[in-house]
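Nothing in this text is a laboratory measurement; each read-out follows from the coordinates by a stated rule. Because the structure is predicted, anything quoted here is derived from the model rather than measured. A quick note on method: Cβ atoms are made from the backbone with ideal geometry, for glycine too, and the neighbour counts reach across all protein chains shown.
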Amino acid sequence: MKQTTIKLLVTAMAATFTTAAFSADKVLTMSHWAGPKHAMATKVHPWLDEQLKACSGGSLSVKIENGLASPPAQYDTVRDGVADIGWIVHGYTKGKFPTTKMIELPGLSGNAESMSVAFQMTHEKYFAAAKEAKGVEVLANFVHGPGVVNTAEKITSYKQLEGKKIRVGGGVANAVGKALGVAGVNMPAPAVYEAISSGVAEGVFFPLETLYSFKINELTKYSFKNPDDMYTTSFGLIMNSDTYSDLDDAQRGCVDKIRGVEMSRTIGRFWDDADSIGATESAKTGSVVIEASAEERAYFKDKTSAIQAEVMKEVESRGVDANAAFEFMKSQL
């Protein structure tokens, strides 16, 4: 009788210890670099934290950390384990992620949500095989809303941009700037405010959300927008591979449950909301959005027509059927 009781007690204790180990609390560090008003801090981080806490019974959570590294160093920061999670601008790591440039092409009309979904679906079907991201788990790919030209001086024609010092930001945006004849200035997004205020740049290629999140509306009063879409910028939300492997099965299952297309959709929706906030808040201070005329849209299309072929070559260089991937991407928009 005593032996049976002891065995039952030992079994129960073992189960308790196993459950405790299985559900050990894990706080994931998320590297953030874009300021407190940005949607990645105000929307994406709280959403991610909430989802993982709910799924894991509170054993898995996300803590945001600012200033761990410069924006171009974010990929290395996550890959090397300085942070568990981070969001990267693919174009900040030149030559590393050529497949991601396909979603950035001019003329691929859509909002951040629809384009992020198409991007992630194309990644899973075509781009993932290229294995461009090493040492990390790609949780989601996404984009910002339609890029526009933001200037202090009123712009009603692309011809007015020729020779102007405009921050372009990497990826396909660089190629668009070059095609339009701007004097391209490259720098990470957080440095743009200082660049414009000091005269290093006269304007910036940015989506409308930045007018509020980066306070660009304090320096630029005009946004020149192309209804056909000038470009977008591709991003990735990534997790350190060792961090992912070290999670217990249940916690890893929680990550897997929310990653992929639906995460891309959610982040894209947050960025669309941020564009609306940027436009609304900027209008209160007198900012104006000017829509390109039919003539200007035709001019832009002609000037940027060679960019797609160059991007397709880069994608092909990664062993991806670029034509098939492009047709599939368009079919998902």
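Can you tell me the dipole magnitude for the stretch 185-333 around its Cα centre, using point charges on the Cβ only (Lys, Arg +1; Asp, Glu -1), in Debye to the nearest 20? Before the final figure, lay out each step's value.
Working: 15 positive and 25 negative charges, 50 e Å.
It comes to approximately 240 debye.
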Worksheet item: Three principal axis extents, largest first, for the C-alpha atoms of the stretch 53-94, in Å?
Response: 40, 17, 16
Worksheet item: Any idea what the dipole of the chain comes to, in debye rounded to 20, about its Cα centre with Lys/Arg Cβ at +1 and Asp/Glu Cβ at -1?
Response: 220 debye
Discussion item. Restricting to Cα pairs below 8 Å that are 6+ residues apart, what does the relative contact order work out to for the chain? Please round to a whole percent.
Written reply: 26 percent
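Take His32, His45, His144 and order them by how many other Cβ atoms sit within 10 Å, fewest up front.
His45, His32, His144
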Fill in: Integer Hz, Karplus 6.51/-1.76/1.60 couplings in order for the stretch 265-270, x for Gly and Pro
4, 5, 5, x, 5, 4
Worksheet entry | Under-5 Å amide H pairs with Ala183, H placed in peptide plane, nonlocal only | Gly163, Lys164, Lys165, Ile166
Practice prompt. State, to one decimal in nm, how far the label point of Tyr299 lies from the label point of Ala250, with both points 7 Å from Cα in the Cβ direction.
Written response: 6.3 nm
Worksheet, complete the sentence: Residue by residue through the stretch 48-56, the couplings from Karplus 6.51 cos²θ - 1.76 cosθ + 1.60 with θ = phi - 60°, in Hz, x for Gly and Pro, are 5, 4, 5, 5, 6, 5, 5, 6, 8
Discussion item. Taking amide H atoms as placed 1.01 Å from N in the peptide plane, list the residues 5 or more away in sequence, or in a different chain, whose amide H sits under 5 Å from that of Ile290.
Written reply: Ser223, Phe224, Lys225
Worksheet, complete the sentence: Sorting Ala112, Phe235, Val143 by the position of each Cα along the dipole of the chain (Lys, Arg +1; Asp, Glu -1; all at Cβ), the one nearest the positive end of that ordering is Phe235
Worksheet item: If one takes the longest principal axis of the Cα atoms in the chain, at what angle in degrees, from 0 to 90 and to the nearest 10, does the Cα axis of helix 112-125 lie?
Response: 60 degrees
Response to the item:
In the chain the DSSP beta bridges are antiparallel at a rate, in percent to nearest 5, of 50 percent
Worksheet entry | Amide H within-cut-off set for Arg318, under 5 Å, with H built and near neighbours excluded | none
Worksheet item: From the cross-link list Lys43/Lys301; Lys131/Lys165; Lys257/Lys330; Lys37/Lys159; Lys225/Lys257; Lys43/Lys215, which pairs have alpha carbons spaced over 29 Å apart?
Response: Lys43/Lys301; Lys131/Lys165; Lys37/Lys159; Lys225/Lys257
Response to the item:
Quick calc of log₁₀ I(q)/I(0), the chain, Debye, one scatterer on every Cα, no solvent, q values 0.09, 0.12, 0.15 1/Å, result -0.49, -0.82, -1.23
Practice prompt. Can you grab the distance from the C-alpha centre of the stretch 48-120 to the C-alpha centre of the stretch 178-212, Å, no decimals?
Written response: 22 Å
Discussion item. From the phi angles alone, apply the Karplus equation (6.51, -1.76, 1.60; θ = phi - 60°) to the stretch 209-217 and give each ³J(HN,Hα) in whole Hz, x where the residue is Gly or Pro.
Written reply: 4, 5, 4, 9, 5, 10, 6, 5, 5
Fill in: Packing-based exposure ordering (other Cβ within 10 Å, fewest first) of Glu162, Glu218
Glu162, Glu218
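Please give the calculated 222 nm ellipticity per residue for the chain, where each DSSP H segment of at least 4 residues contributes -39500 (n - 2.57) and the sum is spread over every residue; nearest 500 deg cm²/dmol?
Details: 13 runs with 143 residues, N = 333.
-13000 deg cm²/dmol, from helical runs alone.
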Fill in: Angle in degrees between helix 294-303 and the longest Cα principal axis of the chain, rounded to the nearest 10
70 degrees
Worksheet, complete the sentence: Going fewest to most other Cβ atoms within 10 Å around each Cβ, Ser213, Ser331, Ser116 line up as Ser331, Ser213, Ser116
Worksheet, complete the sentence: Quick note, the stretch 80-125: a/c under 1.5 would make it rounded; otherwise a/b > b/c is prolate and the rest oblate (a ≥ b ≥ c, C-alpha gyration tensor); here it is prolate
Response to the item:
Zone reached by a paramagnetic label modelled 7 Å from Ser331 Cα along Cα→Cβ, restricted to the stretch 112-152 with backbone N below 12 Å, covers 122
Response to the item:
Per 5 angstrom bin, beginning at 0 and ending with the bin that holds the maximum distance, the Cα pairs of the stretch 223-333 fall in percents of 2, 8, 10, 14, 15, 17, 14, 9, 6, 4, 1, 0
Response to the item:
Sorting Pro188, Leu211, Thr266 by the position of each Cα along the dipole of the chain (Lys, Arg +1; Asp, Glu -1; all at Cβ), the one nearest the positive end of that ordering is Pro188
Worksheet item: Computed on alpha carbon atoms, what radius of gyration and Dmax characterise the stretch 121-165, expressed in Å?
Response: 18.3, 46
